[in-house]
1. Which count do you get for residues in the stretch A:104-120 that are without any contact (Cβ under 8 Å) to a residue 24 or more places away in the chain, within 13 Å of A:S139 (Cα to Cα) and of a type in the set (A, V, I, L, M, F, W, C)?
2. Tell me whether the stretch B:87-100 contains one or more residues that are touching a residue at least 60 places away in the same chain (Cβ under 8 Å) and buried (at least 18 other Cβ atoms within 10 Å of the Cβ).
3. Could you tell me which numbered condition A:T184 fails, if it satisfies all but one of (1) in a helix (DSSP H, G or I); (2) facing chain B (nearest Cβ under 9 Å)?
4. Can you name the residue in the stretch A:1-49 that is among the charged types (D, E, K, R) and surrounded by 12 or more Cβ atoms within 10 Å (Cβ to Cβ) and, of all such residues, is modelled with the highest pLDDT?
5. Of all residues being over 20 Å from the mean Cα position of the chain (by Cα) and part of a loop (DSSP other than H, G, I, E, B) in the stretch A:121-145, which is surrounded by the fewest Cβ atoms within 10 Å (Cβ to Cβ)? Just the residue, please.
6. From A:T175, A:T166, grab the single residue that is closer than 29 Å to B:L24 by Cβ, of a type in the set (S, T, Y), part of a helix (DSSP H, G or I) and not assigned by TED's automatic domain parsing to the domain that holds A:P45.
7. If you check A:L158 against the conditions, is it closer than 25 Å to A:W51 by Cα, modelled with pLDDT of 90 or more and facing chain B (nearest Cβ under 9 Å)?
8. Please enumerate the residues belonging to the stretch A:50-61 that are touching a residue at least 12 places away in the same chain (Cβ under 8 Å) and surrounded by 18 or more Cβ atoms within 10 Å (Cβ to Cβ).
Amino acid sequence: MKDDPFSLWVYLSQSPLLWLTVTLLVYATTDAVSLATRRHPLANPVLHAMWIIGAFLLATGTSYTSYFAGAQFVHFLLGPATVALAVPLYENRRRVVSSIVPMLVALLAGSITAVVSVVLLAELAGLPRDVVLSLAPKSVTAGVAMGIAESLHADPSLAAVAVILTGIMGAIIVTPLMNRTGVTDYRARGFAAGLAAHGIGTARAFQVDEIAGVFSGIAMSLNALVTSFLVPLAVTLLVR
Amino acid sequence: MLASLGLILLCQLIGEAVVRGIGLPLPGPVLGLLLLLILLLARDRFAVLAHGPLRNDGVETASKGLLAHLSLLFVPAGVGVVQKLDLLASHGIAIVLVLALSVVVTLLATVLTFRLVSRLLKQQDAR
């Protein structure tokens with residue numbers, strides 16, 4: 001085997017070790033760059049890790065399935081991280097309880113806007129029906145959106161891509177957009193980030209402000225709940 | 001640390017089991033979040049619960065460790081874009097524009113509703 005570097009590559013590229021290492025190292029790099037730019041929105045670590053790893057997979061002809069065999073160990077932690085949101089919520093419970101009314105009204109307004117706007121815009125753009133259905137749950141976290149897409153007989157993996165793209169665009173745009181609206185209330189800003197851009201928005205919110213992060217996490221959890229009911233309803237009413 | 005991670009996983013496990021068991025339209029981890037929150041609140045009331053991971057900030061420290069790298073956890077799903085390159089080649093610009101416009105409208109609708117209601121309730125923000 002010593003004289004054949006190709007067989008070593010074949011061995012490594014099929015093992016979880018290589019792709020787990022690549023995921024962690026590339027992210028560590030993009031995160032360091034993000035930190036060095038003082039968390040500039042365009043230096044979003046997820047966005048840059050995504051295209052760098054994606055390009056690497058394409059260049060080496062590696063399938064997403066073999067990549068995911070390694071990266072699934074990271075992906076798995078999404079569930080426990082959602083549970084972990086209980087801790088910042090617990091520590092800030094007084095502020096959360098005192099904002100319960102604006103939170104619930106904003107939740108309703110925001111989740112309806114998220115679903116209705118994407119369905120109407122996608123129809124306007126003349127996208128095929130199965131694409132419209134797969135985009136509809138794009139504001140909720142990946143696992144839930146994939147479940148919704150499945151129940152509509154749409155494409156769950158396209159739904160996951162729409163979720164990630166939405167999350168990244170939301171995380172990039174939220175700070176400049178909010179600065180422009182002049183809203184300095186970090187409860188409201190965080191809540192909007194989590195509602196529109198789920199976990200990636202929440203990760204962004206935690207970078208900006210702890211309170212924003214807490215409210216973002218709540219919005220993300222509540223929106224997962226509301227959107228599960230809302231998407232089937234909106235699809236029946238709005239899709240041709 | 002290990003017991004704290006175990007507790008977090010246990011909350012998720014119970015959450016998933018209940019959701020599947022009675023067919024709730026809710027992600028299992030979200031129910032796990034509620035469960036952990038209830039445990040933390042109960043601990044403050046009943047001293048018996050203040051053991052193992054629920055003592056000395058055990059589960060708090062572990063949770064903050066997980067949340068510190070929340071962005072990383074989205075990378076594997078994000079790389080899934082490579083499977084959809086043909087679709088993105090044919091409809092990519094429309095899809096990206098639709099998602100971008102929708103996210104801006106959603107952010108504005110949410111933040112403005114929140115502020116409006118909170119102003120109507122005459123809540124002064126502490127910051």
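The values are calculated or read from the model by the stated rules, or taken from the named source; none is laboratory data. Treat the numbers as computed from the prediction; the structure is a model and nothing was measured. Using ideal geometry, Cβ is built from the backbone for each residue, glycine included, and neighbour counts are taken over all protein chains shown.
1. 1
2. no
3. (1)
4. Narrowing the stretch A:1-49 to residues among the charged types (D, E, K, R): A:2-4, A:31, A:38-39.
Retained after the next criterion (residues that are surrounded by 12 or more Cβ atoms within 10 Å (Cβ to Cβ)): A:31, A:39.
Working: A:D31: 93, A:R39: 86.
The selected residue is A:D31.
5. Among those residues, the one meeting the criterion is A:G126.
6. Unique residue meeting the criteria: A:T166.
7. For A:L158, the condition - closer than 25 Å to A:W51 by Cα, modelled with pLDDT of 90 or more and facing chain B (nearest Cβ under 9 Å) - is not met.
8. Matches in the stretch A:50-61: A:M50, A:I53.
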